[in-house]
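Here the structure comes first, spelled out in structure tokens, and everything after it is commentary.
The values are calculated or read from the model by the stated rules, or taken from the named source; none is laboratory data. This one's a predicted model, so the numbers in the text were calculated from it and none came from an experiment. Note that we place each Cβ from the backbone using ideal geometry, even for glycine, and neighbour counts take in every protein chain shown.
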Amino acid sequence: MKRTLSSLAIPGLVLATTATLLGSSALHERQAPKALNILLMGTDGRDTITAAEKRKFHAGGIACNCTDVLMLVHVSARRDHVSVVSMPRDSYADIPPYRDAPNGEERPSHPLKINGAYNEGGPALTVSTVESMSGMRIDRYLQVDFRRFIDAVNDVGGVEVCTSRTLKDSATKLNLKPGSHRLDGGPSLQYVRSRHVDTSADLGRIQRQHRFLVNALRGLRAGKALTDPVGMARVMDTLLGKGQVEQGFDAKELVQLAAALENVPAKAIEFTTVPIAGFNETRPDIGSTLAWDMERADAMFAKLRADQPLLKADADPVPKDPPGLKGYGPVRGSSLTCK
């Protein structure tokens, strides 16, 4: 799937969820920018790292060739706020009809976990599935696998994370005591992958991913990295990798956009999950799935389609840690930063 915009880009996993876009141009004439929707896909690409890294960072096992992370990033037309909506990997989805690439066979709509769309039809089917479920048009997407994530975090000198409680995961072997910790690429991967820390499972992992992203941006700003064209070009090349042509990104434009992030405060970035109603009845064909609270989800996506913030101007809710099993409402990025 290729979609082109004359000046569209996002600065990768550590920047994508807080991206702001410079205005686009056509025939050298300035046009008013439009709201943009970007889908961030964190794929289960563990085969991109070495056997030694798999052992060291406990990232072995069989890859599902699916999306472990799905975040819809809405950038307002005025570039004054960004809304990030995470969709749990086990969400029930009705996959829209599509043509199977290898044999050209038409596949009808069918039920599946949302993360399985990538395995069946790659990024194109993932995008069309999210569009169908949200009613929003996706203008661009970015894929990040284990290799790109580790290398990009190392390129920026690691990311600071903080926790008020012990975070211990039996699968990834994450073991963080209360306080602040600067994590390099491998430990950062353990942090954002851990879903066995408590009973909140994937919802708690999503919240940690949100904390990681907003603190990564904070660190880049503090170190003036966003305005370092040479350093940011290296990070962009790492993140885009072989997908640069397919994703339609230009590293030079991304460097310019990274510099523009200096003007987007954490309080103008909203993080939330799709509202969850609970668990569906387990099915033998797709297993256990989460059901979206469609009334609340439709209301949330309607706000984004209208280019409206999810939070009122004076609202600053305190995030519950760990979150409940029905997801959590929007919070400001400033409430997720290390103090």
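Here is how the numbers come out for the structure above:
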item	result
Qualifying residue in the stretch 275-282 (condition: closer than 29 Å to Val161 by Cβ and of a type in the set (Ser, Thr, Tyr))	no
Lone unmet requirement of (1) buried (at least 18 other Cβ atoms within 10 Å of the Cβ); (2) closer than 17 Å to Lys339 by Cβ for Arg182	(1)
Every pair of residues 6+ apart whose Cβ atoms lie under 6 Å, when the first sits in the stretch 74-86 and is more than 17 Å from Pro330 (Cα to Cα) while the second is at pLDDT below 90 and crowded, with 23+ Cβ neighbours inside 10 Å	Arg79/Thr20
Selected residue (criterion: surrounded by the most Cβ atoms within 10 Å (Cβ to Cβ)) from residues of the stretch 110-131 that are touching a Ser or Thr at 6+ places or on another chain (Cβ under 9 Å), among the small types (Gly, Ala, Ser) and modelled with pLDDT of 95 or more	Ala117
Residue match in the stretch 19-31 (condition: modelled with pLDDT of 80 or more, in a loop (DSSP other than H, G, I, E, B) and crowded, with 16+ Cβ neighbours inside 10 Å)	no
Residues located in the stretch 138-193, provided they are part of a strand (DSSP E or B) and within 15 Å of the chain's Cα centre (by Cα)	Arg140, Tyr141, Leu142, Gln143, Val144
Test: residue in the stretch 107-114 that is part of a strand (DSSP E or B) and of a type in the set (D, E, K, R)	yes
Qualifying position, being within 23 Å of Asp184 (Cβ to Cβ), surrounded by 18 or more Cβ atoms within 10 Å (Cβ to Cβ), modelled with pLDDT under 70 and hydrophobic (A, V, I, L, M, F, W, C), among Leu254, Leu213, Leu220	Leu254
Residue within the stretch 286-298 that is part of a strand (DSSP E or B), modelled with pLDDT of 70 or more and within 19 Å of the chain's Cα centre (by Cα) present	yes
Residue check, Asp202 touching an Asp or Glu at 6+ places or on another chain (Cβ under 9 Å) and either surrounded by fewer than 19 Cβ atoms within 10 Å (Cβ to Cβ) or charged (D, E, K, R) (or both)	yes
Candidates Gly329, Gly333 - the one that is within 18 Å of the chain's Cα centre (by Cα) and buried (at least 20 other Cβ atoms within 10 Å of the Cβ)	Gly333
Arg89 being free of Cβ contacts under 8 Å to residues at least 24 places away in the same chain and basic (Lys, Arg)	no
